[in-house]
Amino acid sequence: MLDETPKRFDRIVAILIQLQSKKIVKAQELADRFDCSLRTIYRDIRTLEASGVPIYSEAGVGYALMDGYRLPPVMFTREEVSSFIAAEKLMQKFTDPSLGSHYASAMYKLKSVLRSTDKDWLSNIESKILMHTAQPLFNDNSPNTLAPLFESIAEKKQILLSYKTVESEEASDRNIEPVGIFHENNNWYFLGYCHLRKDYRQFRTDRIQGIKKTELKFTIEHGPLETYLTKKEHSNTTTKVRILVSKKVVGHLRHEQKYHGYVSEKEVDGQIEMTFMSRDIKNGFARWFLMFGDYAKILEPELLKTTLLELLEINKKRLL
């Protein structure tokens with residue numbers, strides 16, 4: 001019984017918050033959320049009523065709070081709430097399930113301070129906003145990775161990471177001191193000090209096979225994340241690339257060009273000359289160029305031309 005009391009208290013408080021987040025809340029909806037019986041929900045509702053919370057119920061409809069009853073002394077404008085809804089949709093699709101669940105819980109608290117008319121207005125918006133991801137952001141073996149990383153950074157404690165690189169068939173285990181997390185090129189990454197490699201390394205969340213918190217303290221006082229990312233960016237050698245592209249396809253390159261070191265462009269004889277400073281001619285830029293190469297011409301460097309010929313020859317052999 002002693003173990004159940006704190007859980008029941010937390011559930012009752014959460015029920016009160018959810019009652020404030022919507023005009024009508026069904027008992028079955030509450031039972032599903034808290035994974036308990038309807039009898040338990042009825043008992044908790046009676047406890048709230050006995051505590052002076054003005055709840056009214058209608059058979060076959062659900063529970064509601066008397067309009068005007070508020071606990072938090074915070075009110076938001078409709079414009080502010082709209083921004084939260086957009087953020088909630090992003091959190092649902094672009095973060096891991098654990099973090100998305102925490103944000104959903106926070107949204108219940110936010111919605112609880114709205115007036116009834118604003119709740120209707122909000123419901124109309126929620127059903128009309130969808131977000132889609134281009135690819136899985138997290139590995140099925142380790143779907144919840146962001147929350148442990150946040151805790152590790154905040155508590156300055158190492159994590160034990162099981163990670164599979166692009167080149168390797170097997171995952172390797174290593175102790176990491178995370179420095180920071182960032183989203184880039186439609187993927188989540190984190191940068192950290194790797195005790196296995198004795199250096200700072202960048203890790204992609206969809207390649208993480210497992211992540212565990214440890215009680216080991218950080219051994220290094222790390223600087224801001226931006227410091228390491230800037231240093232990494234400047235440390236990579238770049239190669240100047242100039243291509244001449246038909247106006248028919250230039251519009252389709254806008255989204256991807258920034259990932260390949262786009263610098264500038266100008267019109268030349270009815271076509272667009274584009275300049276890049278590429279950090280990866282052979283594996284990155286060359287393969288991207290193949291997507292629209294029938295509408296483009298390479299002006300420089302010769303290395304890019306050679307690489308493309310090699311790739312085309314490989315593909316030719318495989319097709320024959």
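The values are calculated or read from the model by the stated rules, or taken from the named source; none is laboratory data. Computed from a predicted model, the values in this text were never measured in an experiment. In this analysis, Cβ positions are derived from the backbone assuming ideal geometry, glycine residues included, and neighbour counts consider all displayed protein chains. Each accessible area value is taken on the protein alone, full model and side chains, heavy atoms only, with ligands, DNA and RNA left out. Shrake-Rupley method; radii C 1.70, N 1.55, O 1.52, S 1.80 Å.
A compact table of results
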read-out: Gaussian network model of the chain, Cα within-10 Å springs - most flexible of Asp96, Asp67, Asp173; value: Asp67
read-out: Computed lengthening from His252 to Tyr295, 0.36 nm per intervening residue step minus Cα-Cα distance; value: 14.3 nm
read-out: Test item: Cα-centred dipole of the chain, Lys/Arg +1 and Asp/Glu -1 on Cβ, debye; value: 140 debye
read-out: Rounded to the nearest 10 Å², the accessible area of Arg115 at probe 1.4 Å; value: 120 Å²
read-out: For the range 94-157 versus the range 223-282, the gap between their alpha-carbon centres in whole angstrom; value: 33 Å
read-out: Which of Ser98, Leu65, Ser51, positive extreme of dipole for the chain (C-beta unit charges); value: Ser98
read-out: Leu253 accessible area, assembled protein chains, probe 1.4 Å, Å²; value: 10 Å²
read-out: 25 Å Cα-Cα threshold exceeded, pairs from Lys164/Lys317; Lys89/Lys248; Lys22/Lys128; Lys258/Lys282; value: Lys164/Lys317; Lys89/Lys248
read-out: Folded to 0 to 90 degrees: helix 302-319 orientation relative to the chain principal axis, Cα; value: 70 degrees
read-out: Entry for Kirkwood radius over Cα pairs in Å (calculated from the structure that is shown) out of [x] 21.3; [y] 23.6; [z] 24.5; value: [z]
read-out: Point-charge dipole on Cβ atoms (K/R +1, D/E -1) for the range 216-320, about Cα centre, debye to 20; value: 300 debye
read-out: Extension reserve of the Glu313-Glu126 stretch, reckoned as 0.36 nm per residue once the Cα distance is removed; value: 62.2 nm
read-out: Extreme residue, positive dipole direction of the range 161-320, given options His183, His255, Ile208 (C-beta unit charges); value: Ile208
read-out: Top positive-direction residue, dipole computed over the chain with Cβ charges, set Leu137, Gly192, Ser116; value: Leu137
read-out: Electrostatic dipole magnitude of the range 172-251 [Cβ: Lys, Arg +1; Asp, Glu -1; Cα centre; debye, to 20]; value: 460 debye
read-out: Solvent exposure, largest accessible area first (probe 1.4 Å, DNA, RNA and ligands not counted), of Trp188, Trp288, Trp121; value: Trp121, Trp188, Trp288
